[in-house]
Amino acid sequence: MSPSSLSSSTVAPDVSSSILFYLNGQRVVVEHPDLDMTLLQYLRSTGLTGTKLGCGEGGCGACTVMASRYDTDESRIIHASVNACLCPLATVDGKHVITVEGLGTSSRPHPVQERIALLHGSQCGFCTPGFVMSLYTLLRNNPNPTEHEIEECFDGNLCRCTGYRPILDAAKTFADMAWKQGTVAADGSAHIKEPTVQGGCGIDGCCRLQKSPDAVAQGDSGIVHDPIKAPSAIANGDGCCKNLGADGGCCKTTQKRHDSGVAESEAVNQAEADKAAVIAKFQRYDPTQDLIFPPFLIRYAKRTTSDAEPQMRPLDIASTDPQSWCKRYLRPLKLSGLLKALAQYPEAKLVAGNSEVGVEIKLKRAKFATQIY
């Protein structure tokens, strides 16, 4: 393809060479965007430096932001966490990009930010915006996630300081608003589960809740005591360790359950009680207070905007920089437009979804003069 064929003068009147998107609730229009510029570079150039540059290859998650779009096929809004260091700026047309600055401030943080801070989930803080945005994206898709879903949402984020435990502790408060021994009521107050005969002494894996072989044989479910460690408990048909006799004795008085953290005077796991007290300080998470997806972008995606409003059109952006690696960027809206673009540019690189193109360009120094998104 000759250089003249890649000039901007070939852009047809029914296509656009500018992109429109929302950034933290504000509309942004970029005329003739730099085709080599990533979303991360653009964000930091505008002063939004909360989004960090770490590995630069999509591995550490420090650059994570949320990009939302309206799916016309499924008629719903889809929120996705993306690596801004690999996301070309031109691909955010029609999307709502939210960075860590769009969540809250130091004086009024978002619940995600507040809980990570109060439960010591941030040390150097470099990776924290990425963790915040990954968890925030999960909550936007599912305000009541399971603990497993919370763990999975962090599979693209790395931290070299905290060891992940406090980060997960903070994140999992969104799972069921409860710890093993402490819960938070609707009014935000903390409640500690008191020990009961039926509920055990309050420690995790209490022996009172374990069942003897006789009980299991009668159809009762539960954990059977090891006969070597607790022969008298088996004989008496009672799982409680107090039946171990003089050589054993109750774990509450002998403190043989040294890993339980239970105080002698009260059978409550103190570590979990302390966490519940911290939880009581949290502001309640209300999904209705999050930034809404701009209604205009729904009309924009459906192509039902009024004549006075910007219209979503196929993109045909030609680079004006002779040193640019990407010379032309096309974004057809229909299959017929895609086939026409491929016929005109048979050497073009197709870019769709979570591709390796960003890694190939940055690390393998690959050049794709024409890209079709």
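Odds and ends about this structure:
- All positions within the stretch 145-155 that are open to solvent by 30 Å² or more (accessible area, probe 1.4 Å), touching a residue at least 24 places away in the same chain (Cβ under 8 Å) and assigned to a loop (DSSP other than H, G, I, E, B): Thr146
- As for the stretch 282-292, it holds no residue that is at pLDDT 90 or above, among the aromatic types (Phe, Trp, Tyr) and on the phi < 0 side of the Ramachandran plot.
Yes or no, residue by residue, for (1) open to solvent by 30 Å² or more (accessible area, probe 1.4 Å); (2) aromatic (Phe, Trp, Tyr); (3) at pLDDT below 90:
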residue	(1), (2), (3)
Leu297	no, no, no
Ala301	no, no, no
Gln311	yes, no, no
Trp325	yes, yes, yes
Ala341	no, no, no
Glu347	yes, no, no
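- Options Arg108, Arg44; residue that is modelled with pLDDT of 95 or more and either on the phi > 0 side of the Ramachandran plot or not aliphatic (A, V, I, L, M) (or both): Arg44
- Residue within the stretch 114-127 that is basic (Lys, Arg) and either surrounded by fewer than 20 Cβ atoms within 10 Å (Cβ to Cβ) or modelled with pLDDT under 90 (or both) present: no
- Qualifying residue in the stretch 282-301 (condition: farther than 30 Å from Arg108 by Cα, in contact (Cβ under 8 Å) with a residue 40 or more places away in the chain and either in contact with a strand residue (DSSP E or B) (Cβ under 9 Å, 6 or more places away or on another chain) or not β-branched (Val, Ile, Thr) (or both)): yes
- Only one of the numbered conditions (1) touching a residue at least 40 places away in the same chain (Cβ under 8 Å); (2) open to solvent by less than 20 Å² (accessible area, probe 1.4 Å); (3) of a type in the set (A, V, I, L, M, F, W, C) is violated by Ala67, and that is (1).
- Only residues that are open to solvent by 40 Å² or more (accessible area, probe 1.4 Å) and either touching a Cys at 6+ places or on another chain (Cβ under 7 Å) or in a helix (DSSP H, G or I) (or both) were counted across the stretch 96-112, and they come to 1.
- In the stretch 72-95, the qualifying residues are those that are free of Cβ contacts under 8 Å to residues at least 60 places away in the same chain and over 16 Å from the mean Cα position of the chain (by Cα), and the one that is least open to solvent (accessible area, probe 1.4 Å) is Ser75.
- Residues that are within 18 Å of the chain's Cα centre (by Cα), outside any helix (DSSP H, G or I) and aliphatic (A, V, I, L, M) within the stretch 31-68 comprise Leu53, Ala62, Val65, Met66, Ala67, listed in sequence order.
The values are calculated or read from the model by the stated rules, or taken from the named source; none is laboratory data. Computed from a predicted structure; not experimentally measured. For neighbour counting, all protein chains shown are included, and Cβ atoms are generated from backbone atoms with ideal geometry for every residue, glycine included. Only protein heavy atoms, including side chains, enter the accessible area calculation; ligands, DNA and RNA are left aside. Shrake-Rupley method; radii C 1.70, N 1.55, O 1.52, S 1.80 Å.
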